[in-house]
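This report refers to the structure that appears directly beneath it.
The values are calculated or read from the model by the stated rules, or taken from the named source; none is laboratory data. Since this is a predicted model, take the numbers as computed values, not measurements. We place every Cβ from the backbone using ideal geometry, glycine too, and count neighbours over all the protein chains shown. In case anyone asks, the SASA skips ligands and DNA or RNA and just uses the protein heavy atoms, side chains included. Shrake-Rupley method; radii C 1.70, N 1.55, O 1.52, S 1.80 Å.
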Amino acid sequence: MPTRKSGYRPEVQGLRALAVLMVVTYHVWLGKVSGGVDIFLLLSAFLMTLGFTRKVESGQPLRLLSHWTHLLKRLLPAVVVVVLAVLVGTAVVLPQRRWPDVLDQAWASLLYGQNWLLANSAVDYYAQDHAGASPLQHFWSLSIQGQVFLLWPLVFAGIALLRRLLRPRIELNSRILLAVAFGAIFVASLIYSIDQTASNQTYAYFDTRARLWEFALGSLLALALPYLKPGRLLRVALGWTGLAAMLSCGLLVTVEGSFPGYIALWPTLAAAAIIVAGQSGSRVGVDRILSWKPLVALGDNSYALYLWHWPLLVLGLAGKGLSSPNLWQGLVIVVASIVMAVLTTRLVEKPLRDWHWPKIRAWRGAVVIAACGALLAGPVSLWQSWIVTDAAAAASQSSELIPGAAALAPENAGKPTPDAKIVPVPAAMKDEWAEIDGLCTGDNVPSNPLLGGCLQNSPPETVTKRIVVLGDSHAQQYMAALGPIAKSHGWDVVTLLKGNCRFGGVSPERDEECNAFNEAGAQYVLDHRPDAVFTVASLTLKEAPYEIEVPQYLEGIKPITDAGIEVIGIRDNPRFTINMPDCVEDKGHDAPECNVPLQESLAGASPLDAYRGQVAGLHLMDLSDFICADGTCPAVVGNVYVYKDDNHLTKTYVQTMIPMFEERLLTATGWK
């Protein structure tokens, strides 16, 4: 039995175990965030600061390179094992359309950049995967820790260097210097965190800068601890108060909607109170519980338990087709997570941590780290290469084999579609958003910051018409047809798009942000006076009545048409309760579930009929007969996936609609 280091505090390991149990319990049964991760962040900085402060005060060399290689050698092997297991589970359980995201996150997890990947995805409507959680998304907190593990030693090195340079003239207390440095980080980061959480919480949640104060609090606690010597009764009170606050945080606070601002002081200060309470020397102190050997043993395995619990939960639910586990299913996941954690700690983490050879030279540790990285990088690279090759092979099929919407043309009625590989391959679905050339330039740049996402096709040398596209992702998807048509006719096309914000007049059925965006878009049109505006004029729903008029649609376009600007309104496409490519992958494209009845997809009478004759200058288009046919709305037409998810048309399918789209656009508008 190895001896414990001097100064070892079993109650801290017990606290670590309790924090990971909170995380696991809340994830498995409550589907919530507990605040336990914030405690992990504080503890990691607390422990690191204890070790580095001793070195700085005693004048010992910090040996940062050796420190970093030793740390990565201890942390990375378990990461590689878990991510490799997740890749196997992904191949077996998850639909192919989700493979690219998991592979991207595998790289991000290996390189400790997962939090930034998730931060950008969290605020990007088009990057969000609404169908399920990623089995690797919990690596965001480990990525932040990895970044701080790189940054924090540099702070200590800077203080040590400053102290050494000034020592001949001034004798500086290193502990005070460190407190000033970490105090400054704490204040700056907390202010930033509060501001960003209030204005952009979904991004701030994963933002390292908004989390640095939690680490700084742990460091300040470590620096102050020798001077904090409460009496026995106060230790008992601090311990139990901290424990109660720690356990109640996730129950009383909507953590996922309010962290990491000032509310995160709740769990972190609770943990700090428990650490200050320390060894109370009382039979009723909370340390008696936290020092319980099974809890301490769980703390020794807490890192691996955190790694395993989330992928087992996500993949288990996906494999069973469940949205959440019941009590017994949850217990199976928790027990399996603990078993895998113990095995990983004993068979992977501990042997490599105790291996003497890499400790002799820093380069040897680097070799071990590189080898671990290669074990993961190899399979990920090969898999990504296969996806690219498979997608290219499918796309290279002749147009006769993949006619898409042309298969529904009257002249092709009754003709069987030849056997061919369906395109695009599911793993390429994330690239099936319609492309727009780039940000608006020149006179097209809007003055209103609400329209900062203005995009445009590359302007032709000779502009024959100017068109503005207003709306949401359902308007954007038609850019796969309108864009190429515009280029062939010399039209300049500008898009003002906001996810989940259909264009129309101000309506209580839209949120304030969407109404403001639509008002700004309409004003842009009136200021720039294009020849026409393109919109989606109906709104489809997943449930009955399936299709309705866009709220305040006519009221929204009337100021535009009154200004002499033509408006094109196209009928919306169906929405479904299932992901259509997943249905095809699971059941086959001929399965009834993947061919939804027309009466359960679109309204019997088109809402566009109610607009006819109401507003002069409104031109209506309906391409639903090239989306639905023979009483059904299929997932696949002409060997082409119609939908990329449960409601968006694939870029590939819309491109097969270009001839029909152009004909009906010119017919509706009378343009030559």
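Taking the inverse of the mean 1/r over every pair of distinct Cα atoms in segment 328-375 gives a Kirkwood hydrodynamic radius of 12.6 Å. For segment 205-255, the share of alpha carbon pairs falling in successive 5 Å distance bins from zero is 4, 16, 13, 21, 24, 14, 7, 2 percent. Between residue 398 and residue 228, the modelled label-to-label distance comes to 7.7 nm, taking each label 7 Å out from Cα in the direction of the beta carbon. The length gained by stretching the chain between residue 519 and residue 361 to full extension, at 0.36 nm per residue less their Cα-Cα distance, is 50.4 nm. Placing unit charges on each Cβ (+1 for Lys and Arg, -1 for Asp and Glu) gives segment 541-672 a dipole about its Cα centre, and among 638, 570, 619 the Cα reaching farthest toward its positive end belongs to 619.
Over the Cα atoms of segment 481-600, the radius of gyration divided by the Kirkwood radius equals 1.05; this is the Rg/Rh ratio. Projecting the Cα atoms of 368, 344, 321 onto the charge dipole of segment 264-388, computed from C-beta unit charges around the Cα centre, puts 368 farthest toward the positive end. Surface composition of segment 327-448: carbon plus sulfur atoms contribute 66% of the solvent-accessible area (1.4 Å probe, protein chains only, all chains present). Calculated FRET efficiency, residue 439 to residue 555, Cβ-Cβ distance, R0 = 35 Å: about 0.70 to the nearest 0.05. Scaling the Cα radius of gyration of segment 482-521 by the globular reference 2.2 N^0.38 Å produces a ratio of 1.52.
Mean separation of Cα pairs under 8 Å and 6 or more residues apart, divided by the residue count, gives segment 616-672 a relative contact order of 32 percent.
Judged by the mean number of other Cβ atoms found within 10 Å, the most tightly packed of the peptides 539-547, 409-417 leads the ranking 539-547, 409-417. Estimated from the Cβ-Cβ distance and a Förster radius of 22 angstrom, the FRET efficiency linking residue 666 and residue 462 is about 0.70.
When a/c is below 1.5 the answer is rounded, else prolate if a/b is larger than b/c, else oblate, so apply that to segment 262-359 with a ≥ b ≥ c taken from the square roots of the Cα gyration tensor eigenvalues. It comes out oblate by the Cα gyration axes.
Of all lysines in the structure, the ones whose alpha carbon falls short of 25 Å from that of residue 359, not counting any fewer than 8 places away in one chain, are 5, 55, 73, 350. Convex hull volume of the C-alpha atoms in the chain, normalised per residue: 194 Å³. Ordering of 562-571, 369-378 by packing is 562-571, 369-378, highest average first (other Cβ atoms within 10 Å, averaged per residue). When the P(r) of segment 229-294 is calculated, the portion above 17 Å amounts to 44% of the C-alpha pairs. Taking the Kirkwood radius as Rh and the Cα radius of gyration as Rg, segment 571-672 has a ratio of Rg/Rh equal to 1.02.
Under the criterion of Cα pairs below 8 Å and six or more residues apart, the relative contact order for the chain equals 14 percent.
Over all directions, how big on average is the projection of the convex hull of the alpha-carbon atoms in segment 328-422, in square nanometres?
12.4
Projecting the Cα atoms of 671, 544, 294 onto the dipole axis of the chain, where Lys and Arg carry +1 and Asp and Glu carry -1 at the beta carbon, places 294 farthest toward the positive end. With protein chains left intact and a 1.4 Å probe, residues in the chain average 44 Å² of accessible area per residue.
Scaled against 2.2 N^0.38 Å for its residue count N, the alpha carbon radius of gyration of segment 1-119 is 1.35. Let me check I've understood the local charge: for residue 588, count other residues with C-beta under 15 angstrom from its C-beta, Lys and Arg +1, Asp and Glu -1. What total comes out? Local net charge: -4. Using Cβ point charges alone (K and R +1, D and E -1), the dipole size of the chain about the Cα centre works out to roughly 5180 debye. With K and R counted +1 and D and E -1, the other residues having a Cβ less than 15 Å from that of residue 396 yield a net charge of -1. FRET efficiency for the residue 352 to residue 93 pair, using the beta carbon distance and R₀ = 25 Å, is estimated at 0.30. Taken about its Cα centre, segment 579-657 carries a charge dipole of about 360 debye when Lys and Arg each add +1 at the Cβ and Asp and Glu each add -1 at the Cβ.
Seen from residue 450, the other residues with C-beta closer than 13 Å to its C-beta sum to a net charge of -2, counting Lys and Arg as +1 and Asp and Glu as -1.
Taking the Cα atoms only, what angle lies between the long axis of helix 99-110 and the longest principal axis of the chain, rounded to 10 degrees? Around 30 degrees separate the two axes.
Here the gap between residue 57 and residue 511, fully extended at 0.36 nm per residue and compared with their Cα-Cα distance, gives a gain of 157.8 nm. Within segment 435-538, the proportion of C-alpha pairs whose separation exceeds 20 Å stands at 32%. Stokes-Einstein diffusion for segment 140-223 at 10 °C, viscosity 1.306 mPa s, with a Kirkwood radius from C-alpha pairs, works out to 115 µm²/s. Using only alpha-carbon positions in segment 368-470, the gyration tensor eigenvalues give semi-axes of 35, 31, 11 Å once each is multiplied by 5 and square-rooted (largest first).
Using a 1.4 Å probe on the protein heavy atoms, what percent of the accessible area of segment 558-672 belongs to carbon and sulfur? Heavy-atom surface of segment 558-672 belonging to carbon and sulfur, 1.4 Å probe: 48 percent. Note on residue 577 and residue 328: the model spin-label points, each 7 Å out from Cα along the C-beta direction, lie 2.7 nm apart.
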